[in-house]
Amino acid sequence: MSEAAVIGYSALCIAFVMTAVTGIAAVITAKTGAARYRTVAEYGSYLVCTLFAVAATAMIHAFINHDYSLIYVYKYSDAKMPWIYQLTAFWGGQEGSLQFWATILSIFLSLVVLVHRGRDQELMPWVIAVLCGILLYFDGLLLFAANPFETYTLIDPSYNIT
């Protein structure tokens, strides 16, 4: 399996768990007002954004370096394409488009948390919880229905059929 596939899929798996933890911490903060859960929700938002950015960077790296072991890269790119088209092929299909929008949403989540830090104390936990719920849905689709880091299965040449 290629490095991009391992790094990208691992980042999506960790992001799935961290998005759930962040969303739960935000709901607990909204219900109880506990400061420690607010901190978990805020810093969890930044970590989720970082993980989605790592996954997106791994996919873009696979496109730029023509890593055709990834099925998605093989389907939507060509070695003769200019680099700008390689970059935009990232969101050319369903899997990449889902990953692209999840990455954009995670960036917006981090920006909202950063801009409104210390303000809107009653509303922000609910905003974080709703955005984490949407991100959890997107990440679930990426992990279980439309995996952009799926690789070709190779047959072991040493396997003897007879």
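The values are calculated or read from the model by the stated rules, or taken from the named source; none is laboratory data. Given the structure is predicted, the values throughout are model-derived calculations rather than measurements. Neighbour counts run over all protein chains shown; Cβ positions are idealised from the backbone, glycine included. Surface accessibility is based on the protein's heavy atoms, side chains included, excluding ligands, DNA and RNA. Shrake-Rupley method; radii C 1.70, N 1.55, O 1.52, S 1.80 Å.
Here's the yes/no breakdown for (1) over 17 Å from residue 141 (Cα atoms); (2) of a type outside the set (A, V, I, L, M); (3) part of a helix (DSSP H, G or I):
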| residue | (1), (2), (3) |
| --- | --- |
| 104 | no, no, yes |
| 113 | yes, no, yes |
| 118 | yes, yes, no |
| 125 | yes, yes, yes |
Practice problem: Determine the pairs where a residue that is free of Cβ contacts under 8 Å to residues at least 24 places away in the same chain, located within segment 43-68, has a partner that is part of a helix (DSSP H, G or I) and surrounded by fewer than 20 Cβ atoms within 10 Å (Cβ to Cβ) with Cβ atoms under 7 Å apart, the partner being 6 or more residues away or on another chain. | Solution: 64/83; 68/74
Quiz item: Of the residues that sit in segment 60-96 and are under 16 Å from residue 151 (Cα atoms) and either in contact with a Pro (Cβ under 6 Å, 6 or more places away or on another chain) or among the basic types (Lys, Arg) (or both), which one is surrounded by the most Cβ atoms within 10 Å (Cβ to Cβ)?
Solution: 72
Exercise. Please give the number of the condition residue 111 fails out of (1) open to solvent by less than 60 Å² (accessible area, probe 1.4 Å); (2) modelled with pLDDT of 95 or more; (3) not β-branched (Val, Ile, Thr).
Key: (1)
Self-check item: Criterion (surrounded by 15 or more Cβ atoms within 10 Å (Cβ to Cβ) and modelled with pLDDT under 95) met by exactly one of 11, 5, 20, 25
Solution: 5
Practice problem: Please list, ordered by first then second residue, the pairs with beta carbon atoms under 7 Å, 6 or more apart or interchain, first in segment 134-154 and farther than 21 Å from residue 60 by Cα and touching a residue at least 24 places away in the same chain (Cβ under 8 Å), second open to solvent by less than 20 Å² (accessible area, probe 1.4 Å) and of a type outside the set (D, E, K, R). | Solution: 136/19; 136/23
Quiz prompt | Residue satisfying condition, being in contact with a strand residue (DSSP E or B) (Cβ under 9 Å, 6 or more places away or on another chain) and small (Gly, Ala, Ser), within set 53, 62, 58 | solution = 62
Quiz item: Are any residues in segment 22-44 out of contact with any Phe, Trp or Tyr (no Cβ under 6 Å at 6 or more places or on another chain) and not aliphatic (A, V, I, L, M), and if so, which ones?
Solution: 22, 23, 31, 32, 33, 36, 37, 38, 39, 42, 43, 44
Quiz item: Which one of these does residue 54 not meet: (1) farther than 19 Å from residue 25 by Cα; (2) within 10 Å of the chain's Cα centre (by Cα); (3) open to solvent by less than 20 Å² (accessible area, probe 1.4 Å); (4) not acidic (Asp, Glu)?
Solution: (3)
